[in-house]
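Trainee: Submitted below is the structure of interest, expressed as structure tokens.
The values are calculated or read from the model by the stated rules, or taken from the named source; none is laboratory data. In this text the structure is predicted, and so the values were computed from the model without any measurement. As a convention, Cβ positions derive from the backbone with ideal geometry for all residues, glycine included, and neighbour counts pool all protein chains shown. Heads up: the accessible areas ignore ligands, DNA and RNA and are worked out on the full protein's heavy atoms, side chains in. Shrake-Rupley method; radii C 1.70, N 1.55, O 1.52, S 1.80 Å.
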Amino acid sequence: MSDNLRLLSIGAHPADIFDQSGGTMAHHVARGDWVGCVVLTHGARVHDKVISDEMFHRAEVPQADQLTALMAERADVKADEVRRACALLGVEEIHFFGADDAVLRVTEEAVRRLARLVRELRPDVVLTHFPKEGDGLTNAHAICGQIVLHALALAYGVDPGDSRPPHRVAQVFYFGTGAASVPRSVWDSEGGYYNDVFIDITDVVDKKLAALDCLESQGYGGAYARKRIETSDGAFGTAAGCAYAEGFIKANAETHYYLPLTEHAIKKARMSDHEHIVEQSFKVQTD
């Protein structure tokens with residue numbers, strides 16, 4: 001494409017935006033595309049080592065006002081971690097909505113706020129959670145995806161009080177992690193969903209690992225980040241025919257003038273079986 005793209009990654013929790021699509025975002029930043037992020041919840045209630053771990057082992061939690069103040073403090077810590085993580089990927093623009101992660105719901109307020117931001121940022125592509133992830137009812141990732149779908153529909157129309165013209169995105173890519181990985185619950189029986197797009201992130205997997213290391217408050221730094229990279233991105237890489245990859249589910253079928261064939265497909269077709277194995281054997285340095 002001759003023109004640079006505008007990508008917007010929208011996650012339910014602070015880690016989601018780079019945990020699910022960090023390598024992909026790094027590629028687009030390096031190409032000169034604009035990449036921005038939105039974090040819907042502060043993540044301090046269920047994804048913080050002080051709130052969700054230390055409090056879990058106490059006889060009782062602090063009083064409401066003390067706990068609220070502590071959660072606000074931890075939310076600031078997590079936001080700083082996200083900024084540092086995204087900076088490593090080259091992403092500078094991040095919008096924190098600060099919703100409580102206790103019960104995330106599709107509300108008119110959340111939809112309208114996100115729709116107005118979409119009209120302002122005018123992305124070509126949106127990356128977000130699959131709206132049927134898990135049970136599709138209480139799963140915060142799924143709810144985030146549903147909020148995004150409603151917001152994109154609203155953004156395509158006018159909204160009294162918002163002077164920005166309507167905007168329509170060209171494509172939505174749902175995060176494959178959590179939606180089309182390993183079935184593990186009764187809700188997954190509805191599945192059949194599969195990743196139809198893989199992004200080879202082998203050349204930037206070290207950046208993604210460094211980004212995951214930043215989220216110490218969530219326990220991602222250190223051993224977990226490395227396990228996460230190997231078991232998820234490594235598994236996607238095996239499916240994609242490379243060392244490490246991120247998987248996505250396209251929201252809409254694409255229209256082409258000619259049958260689409262990627263450079264990656266041509267490259268793989270011209271490699272021997274041994275060359276395939278050598279390429280997929282690459283492992284990111286974890287020291």
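Trainee: Only four residue types carry charge here, +1 at the Cβ of Lys and Arg and -1 at the Cβ of Asp and Glu. Report the dipole size of the chain about the Cα centre in Debye, rounded to the nearest 20.
Mentor: Roughly 460 debye for the chain.
Trainee: Determine the sum of side-chain charges near Gly90: Lys and Arg each +1, Asp and Glu each -1, restricted to other residues whose C-beta is under 14 angstrom from that of Gly90. Write out the running numbers ahead of the final one.
Mentor: On the way: positive: Arg31, Arg83, Arg84, Lys207, Lys208; negative: Asp33, Glu92, Glu93, Asp203, Asp206.
Taking every Cβ under 14 Å from that of Gly90, the sum is 0.
Trainee: Of Val29, Ala140, Pro62, which is farthest towards the positive pole of region 1-140's charge dipole, taken about the Cα centre with +1 and -1 on the beta-carbons of Lys, Arg and Asp, Glu respectively?
Mentor: Val29
Trainee: May I pose another question? Hey, can you rank 260-269, 211-220 by average C-beta count inside 10 Å, highest first?
Mentor: Peptide ranking by packing, descending: 211-220, 260-269.
Trainee: If you average the sequence gap of Cα pairs under 8 Å that are 6 or more apart and divide by the length of region 95-145, what percent do you get for the contact order? Display every interim value, and only then the final one.
Mentor: Numbers: 30 pairs, mean separation 18.4, N = 51.
Relative contact order of region 95-145: 36 percent.
Trainee: What whole number of Å gives the distance from the Cα centroid of region 88-143 to the Cα centroid of region 238-266?
Mentor: Here the two parts' Cα centres lie 25 Å apart.
Trainee: Under 8 Å for C-alpha pairs, at least 6 residues apart: give me the relative contact order for region 61-152, rounded to a whole percent.
Mentor: 25
Trainee: For Glu92 and Val284, compute 0.36 nm times the residue count separating them, minus their Cα-Cα distance, and round to one decimal in nm.
Mentor: So the chain would gain 66.6 nm between Glu92 and Val284.
Trainee: Summing -39500 (n - 2.57) over the DSSP H runs of n ≥ 4 in the chain and dividing by its residue number, what mean residue ellipticity at 222 nm do you reach, to the nearest 500 deg cm²/dmol?
Mentor: Computed mean residue ellipticity for the chain: -11500 deg cm²/dmol.
Trainee: Within region 249-275, list the residues whose amide N lies under 17 Å from a label point set 7 Å along Cα→Cβ of Asp203.
Mentor: Under cut-off, by backbone N: 262-268.
Trainee: Using a 1.4 Å probe on the protein chains only, how many percent of the accessible area of region 68-214 belongs to carbon and sulfur?
Mentor: 54
Trainee: Let me ask something additional. Is the C-alpha gyration tensor of the chain telling us rounded, prolate or oblate? Criteria: a/c under 1.5 is rounded; beyond that, a/b larger than b/c is prolate, otherwise oblate.
Mentor: The shape class here is oblate.
Trainee: Still on this structure: Considering only the other residues whose Cβ falls under 12 Å of the Cβ of Ala75, what net charge follows from Lys and Arg at +1 and Asp and Glu at -1? Before the final figure, lay out the partial values.
Mentor: Working: positive: Arg45, Arg74, Lys78; negative: Asp48, Glu73, Asp76, Asp80, Glu81, Asp100, Asp101.
Taking every other residue near Ala75 into account, the sum is -4.
Trainee: Something else: Amide H neighbours of Val197 under 5 Å, counting only residues 5+ apart in sequence or on other chains, H built in-plane at 1.01 Å?
Mentor: It is Phe248, Lys250, by chain and number.
Trainee: Which residue fluctuates most in the GNM of the chain (Cα springs below 10 Å): Thr177, Thr24, Thr107?
Mentor: Result: Thr107 has the largest fluctuation of those listed.
Trainee: If you don't mind, there's one more thing I want to ask. Please list the non-local residues whose amide H lies under 5 Å from the amide H of Tyr244, H modeled 1.01 Å from N, same-chain partners needing a gap of 5 or more.
Mentor: Under 5 Å from the amide H of Tyr244 lie the amide H atoms of Ile201, Thr202, each far enough along the sequence or on another chain.
Trainee: Next question. Hydropathy first: keep DSSP H helices in the chain averaging at least 1.0 on Kyte-Doolittle, then drop any whose Cα extent along the axis falls short of 27 Å, and list what survives.
Mentor: Numbers: long enough: 64-89 (37 Å, 0.06).
Result, helices passing both filters: zero.
Trainee: Also: How far apart, in nanometres, would the label points at Thr107 and Tyr257 be if each is projected 7 angstrom from Cα along the Cα-to-Cβ direction?
Mentor: In this crude spin-label approximation the distance works out to 4.8 nm.
Trainee: Using a Gaussian network model of the chain whose springs link C-alpha atoms within less than 10 Å, name the residue from Lys227, Lys78, Lys132 with the highest mean-square fluctuation.
Mentor: Result: Lys227 has the largest fluctuation of those listed.
Trainee: Excluding same-chain residues fewer than 8 positions from Lys78, which lysines have a Cα within less than 26 Å of its Cα?
Mentor: Filter leaves Lys49, Lys207, Lys208, Lys227.
Trainee: Related question: Solvent-accessible area per residue for region 1-98 at a 1.4 Å probe radius, Å²? Each step should come with its number before you reach the end.
Mentor: Details: 4580 Å² over 98 residues.
Counting only protein heavy atoms, the per-residue value for region 1-98 is 47 Å².
Trainee: Name the residue, out of His28, His129, His256, whose mean-square fluctuation peaks in a Gaussian network model built on the chain with Cα pairs under 10 Å.
Mentor: His256
Trainee: Sticking with this one: In Å², and per residue, what accessible area does region 223-262 have when probed at 1.4 Å with the other protein chains present?
Mentor: That works out to 58 Å² for each residue.
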